[in-house]
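**Student:** Sending over a structure as structure tokens; questions will come in a sec.
The values are calculated or read from the model by the stated rules, or taken from the named source; none is laboratory data. Every value quoted in this text rests on a predicted model; they were computed, and no experiment measured them. No Cβ is skipped: glycine too gets one built from the backbone with ideal geometry, and neighbour counts run over all protein chains shown. In case anyone asks, the SASA skips ligands and DNA or RNA and just uses the protein heavy atoms, side chains included. Shrake-Rupley method; radii C 1.70, N 1.55, O 1.52, S 1.80 Å.
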Amino acid sequence: MNLSFKNRIAFYYMLATATVMALVFFVIYWVVHTAVYRELDNDLAYEAHKHTKEIYVVNDSILFVNKREWEEREHRAIQVNPVFIQIVDARGRLMDKSPNLKEGELIFHSEKKSDTHFDTKLNNEAIRQVQIPIEQRGVFKGYILTAMSQEGAIVVLNKLKNTLLLLFPIVLLGLFGITRFLAGRSIIPVKAITNTTGTITRNNLNERVPLPQNKDELHTLASSINELLNRIESAMEREKQFTADASHQLRTPLAVIKGTLEVLIRKPRTEEEYRSKIQSSIDEIDRINKIVNQLLILARFDKSNLKLSRQEVDLRIAVDNVLQRLKSPIQQKKLSVNVSSSTSDSIHTDPYYVDLILENIISNAVKYAPEGGKIEVSVSREGEAMICKIKDNGIGIQASDLENIFHPFFRSEEFNHAEIKGTGLGLSIAQKAGQMINAQIEVESEVGVGTVFGIWFPILSQS
Ligand code: ADP
């Protein structure tokens with residue numbers, strides 16, 4: 001059954017109420033039924049015992065004492081619920097009966113126990129009857145049968161039954177309607193949320209769902225949807241920014257190459273001029289190549305099913321490999337590089353990401369250190385982490401830029417050191433690689449003094 005939310009709530013509520021109500025109505029009927037019949041049986045028992053004292057036994061006959069008086073009384077008084085009395089002998093034969101029985105006769109039920117009240121019929125009308133034994137000096141003589149009409153009780157009980165049966169569906173339908181209305185009102189915020197989220201596209205991502213007034217579950221739902229939208233919006237913003245920065249970074253060297261070639265083609269040049277212009281164009285092409293390669297590395301991090309291939313990695317060896325690859329710029333800048341290690345422990349992780357981190361951070365130290373500068377690399381162990389620190393005495397980074405250097409394409413003080421070429425992507429690659437293997441990168445720097453990068457590698461990488 002495909003019910004709407006408010007109908008489902010109303011339906012479940014109705015089912016629960018129907019069960020409770022059926023139980024309550026049954027109990028009410030049962031209590032009234034028991035009370036009415038107890039009253040009837042009390043009256044019957046009282047009359048029966050009263051009349052046992054008004055009979056006499058002669059030989060085999062049992063008769064009423066004051067029948068004549070009784071008959072007169074019957075004529076005078078109007079009895080609301082008349083009592084029928086009848087005497088039968090030990091074999092159940094009629095001995096005497098009250099005048100109000102007229103032509104009728106109570107039926108003796110030999111199978112019924114004495115003193116128990118039971119339902120039977122008199123002239124096709126329902127009556128309640130009791131049979132009490134008559135004894136004379138300890139000798140059993142017969143029974144006095146006493147009966148009263150049940151009509152009054154039946155009418156009362158039938159009225160009660162009909163009222164309850166009528167009330168049952170009316171109350172249920174009423175409750176269904178009210179619950180449906182209230183449930184409808186309480187899910188108004190859900191409709192508002194659905195309407196708003198239905199209209200949000202990438203063009204109006206700044207819209208938010210309205211928060212309900214009450215701080216309830218729906219308020220929490222609306223707030224978490226808004227927080228989700230915040231995250232999506234800022235992710236989209238970052239993506240837009242990234243695309244804009246990437247195309248800008250690629251367009252710049254292309255513009256330089258175009259300009260150089262246009263200048264060259266304008267008039268014949270000397271061989272020297274051709275060489276230098278072509279060389280600068282090749283440098284720009286190398287730069288484009290580097291940016292594209294770095295973008296590809298960054299794009300690879302966004303794949304969801306990246307798997308780590310873990311193995312033992314000796315940080316000291318990993319550092320040496322990187323330094324080996326950077327041999328030529330180190331020699332060109334006459335840098336002194338000192339590597340020290342206070343531990344022979346290794347880490348269990350994916351060497352590809354360790355290499356990406358070390359390569360980008362050590363190449364920065366080489367790049368930003370002055371001619372003849374000093375680079376110190378140390379490897380040590382602290383608890384369950386191996387720490388690699390890379391210290392240079394280069395240009396340093398402004399304190400206000402420290403939190404931005406890991407953002408893609410960010411370059412600190414770019415125009416103050418235009419001769420140091422870079423893409424602004426190295427540290428974001430290092431940070432993403434760190435996230436892959438749970439390594440943490442921290443940085444301390446002072447402008448004009450130098451920079452220290454510390455990388456915390458967990459000995460056993462978990463991700
Ligand atoms: P880039 O290709 O520009 O070096 P990175 O992402 O590697 O890009 O670094 C971002 C910025 O952080 C650099 O442009 C530079 O301003 C700063 N930076 C990084 N490492 C160093 C360092 N060792 N010394 C001084 N500045 C640094």
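**Student:** Spot the failing condition for Glu359; the list is (1) at pLDDT below 95; (2) under 30 Å from Gln241 (Cα atoms); (3) more than 9 Å from the ligand (Cβ to nearest atom); (4) in contact with a Leu (Cβ under 9 Å, 6 or more places away or on another chain), and only one is missed.
**Tutor:** Result: Glu359 fails condition (1) only.
**Student:** Which of the residues that make up the range 52-103 are modelled with pLDDT under 85, more than 22 Å from Arg137 (Cα to Cα) and of a type in the set (Phe, Trp, Tyr)?
**Tutor:** Trp70
**Student:** So if I check each of Val171, Val139, which one is modelled with pLDDT under 90 and out of contact with any Phe, Trp or Tyr (no Cβ under 8 Å at 6 or more places or on another chain)?
**Tutor:** On inspection, the qualifying residue turns out to be Val139.
**Student:** Checking the conditions here, which among Val366, Val339, Val354 is touching a helix residue (DSSP H, G or I) at 6+ places or on another chain (Cβ under 8 Å), open to solvent by 20 Å² or more (accessible area, probe 1.4 Å) and of a type in the set (Val, Ile, Thr)?
**Tutor:** Val339
**Student:** Also, quick follow-up: Need pairs with beta-carbon distance below 6 Å; first residue over 17 Å from Arg185 (Cα atoms) and within the range 1-21, second open to solvent by 50 Å² or more (accessible area, probe 1.4 Å); sequence gap 6+ or separate chains.
**Tutor:** Met14/Phe176
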